Structure formats: structure tokens, C-alpha cells
1. Over the chain, with a Gaussian network built from C-alpha contacts below 10 Å, which listed residue (GLY38, GLY106, GLY25) shows the highest mean-square fluctuation?
2. Just to confirm the number: angle between the C-alpha axis of helix 71-80 and the first principal axis of the chain, 0 to 90 degrees, nearest 10?
3. Let me have the relative contact order for the chain, percent, based on Cα pairs under 8 Å that are six or more residues apart.
4. Starting at the first residue of region 99-108, write each ³J(HN,Hα) from the Karplus equation 6.51 cos²θ - 1.76 cosθ + 1.60 with θ = phi - 60°, in whole Hz, x for Gly and Pro.
5. Report ³J(HN,Hα) in whole Hz for each residue of region 61-70, in order, from the Karplus equation J = 6.51 cos²θ - 1.76 cosθ + 1.60 where θ = phi - 60°; Gly and Pro get x.
6. As I understand it, the dipole of the chain uses +1 on the Cβ of Lys and Arg and -1 on the Cβ of Asp and Glu, about the Cα centre. Which of ASN48, HIS84, VAL37 lies farthest toward its positive end?
7. On a 0 to 90° scale, report how tilted helix 6-16 is relative to the longest principal axis of the chain, with both axes built from alpha carbons and the result rounded to the nearest 10.
8. Of all accessible surface on the chain at a 1.4 Å probe, what whole percent is carbon and sulfur?
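The values are calculated or read from the model by the stated rules, or taken from the named source; none is laboratory data. Keep in mind that this is a model prediction, so the values were computed, not measured. For neighbour counting, all protein chains shown are included, and Cβ atoms are generated from backbone atoms with ideal geometry for every residue, glycine included. Surface accessibility is based on the protein's heavy atoms, side chains included, excluding ligands, DNA and RNA. Shrake-Rupley method; radii C 1.70, N 1.55, O 1.52, S 1.80 Å.
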Amino acid sequence: VIGCGRIGQVHLKTLAQLENVIVVGVVDVVRESADGVGSKFGIQFRTNSPEQLFREVELDAVWICTPTHMHVPLIKLAASHKVHVFCEKPLALSVADCNAAIDAAGAAGVHLMLGF
């Protein structure tokens with residue numbers, strides 16, 4: 001899960017209840033937030049670097065729960081690593097950015113889901 005604020009923790013609480021899901025890492029630009037949330041949910045890998053998460057952890061999917069302006073760059077990063085994406089709403093701040101995110105996921109062959 002990238003983004004350890006309120007909505008990230010809402011999703012973590014839900015994910016923790018699913019039998020077939022293992023949350024393997026959390027990321028927040030404020031490292032102390034990642035550490036606190038990781039401790040709260042029993043998640044060992046904690047960082048302030050999304051790039052480090054993708055380099056060091058084997059992922060099937062990622063939950064993007066950051067401020068909107070960070071969504072598209074993180075979707076592109078996930079797609080470049082062939083990782084499926086769940087992204088909190090809204091997808092982006094412009095139609096062009098929405099299309100860029102959709103195109104990146106499509107070109108990489110990964111699923112992109114938008115939800116809340």
C-alpha cells in the first residue's frame with residue numbers, strides 16, 4: 001500500500017481481513033507514518049520510497065492511496081514493473097493524465113482499477 005494516511009489505513013484494514021491477501025509493504029513520504037502503520041498492521045517492509053518497494057519486494061498488485069497529483073506517476077511506475085494497480089479516486093486531475101495512466105497500464109498488460 002502506497003500512502004499511509006486515513007484512506008490508506010481504511011484499505012489496509014479491509015485487506016487485512018481477506019484470506020487470500022498478504023500485505024507485504026507500506027510506503028509513505030513520511031517514513032514515521034510508514035513505520036507506525038506498518039507496526040499497527042504487522043507489516044515488516046516499510047519505506048518512504050515507492051521505487052524501493054518495487055525493487056525489493058515481489059508484488060502482484062499495489063494500492064495507491066496518495067494525494068491525486070501522485071497517482072499517475074505511481075501508476076506508471078507500477079506498470080513499468082508489471083504490477084497491477086488499485087488506485088483511489090480520482091484517477092487524475094485532467095483527462096490527458098487519465099489517458100496517460102490508462103495507456104501505461106494497457107501497454108504493460110496490467111489491470112488498473114479505480115475505486116473508493
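1. GLY106
2. Computed tilt is about 90 degrees.
3. Reported as a whole number, the value is 22 percent.
4. Calculated HN-Hα couplings, in order: 4, 5, 5, 4, 5, 4, 5, x, 5, 8 Hz.
5. With the stated coefficients, region 61-70 comes to 8, 9, 9, 9, 10, 9, x, 3, 5, 9 Hz.
6. VAL37
7. Once rounded, one gets 70 degrees.
8. 55
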